[in-house]
Amino acid sequence: MSEKKNSKTMVSVLFMEFSIIFTVCLIASNILETKQMVFGPLHLTGGLLI
């Protein structure tokens with residue numbers, strides 16, 4: 001019975017890696033949203049690129 005409990009509480013490593021990447025990108029895009037970047041004729045914000 002204890003084996004069933006462990007399998008329910010375990011989290012997929014791939015799911016955890018994707019959630020960490022998503023969180024980092026979300027925070028970085030909120031911080032960089034105020035930064036203006038110019039690529040030729042395009043004027044973009046840093047958050048849009050992330």
Requested in this report: Find all pairs meeting these conditions: Cβ atoms under 7 angstrom apart; at least six residues apart or on different chains; first residue within region 20-34 and over 11 Å from GLY46 (Cα atoms); second residue of a type in the set (A, V, I, L, M, F, W, C) and open to solvent by less than 100 Å² (accessible area, probe 1.4 Å).
Outcome: CYS25/ILE50
Report task. From the list LEU26, LEU48, LEU44, pick out the single residue that is surrounded by 10 or more Cβ atoms within 10 Å (Cβ to Cβ) and modelled with pLDDT under 85. Result -> LEU48
Query raised in the report: Within region 36-47, how many residues turn out to be without any contact (Cβ under 8 Å) to a residue 12 or more places away in the chain and either on the phi < 0 side of the Ramachandran plot or among the polar types (S, T, N, Q) (or both)?
Result: 7
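The values are calculated or read from the model by the stated rules, or taken from the named source; none is laboratory data. Computed from a prediction, not measured in an experiment: that's the story for all the values here. Positions of Cβ are generated from backbone atoms using ideal geometry, with glycine treated the same way; all protein chains shown enter the neighbour counts. The area values use the complete protein model at the heavy-atom level, side chains included, leaving out ligands, DNA and RNA. Shrake-Rupley method; radii C 1.70, N 1.55, O 1.52, S 1.80 Å.
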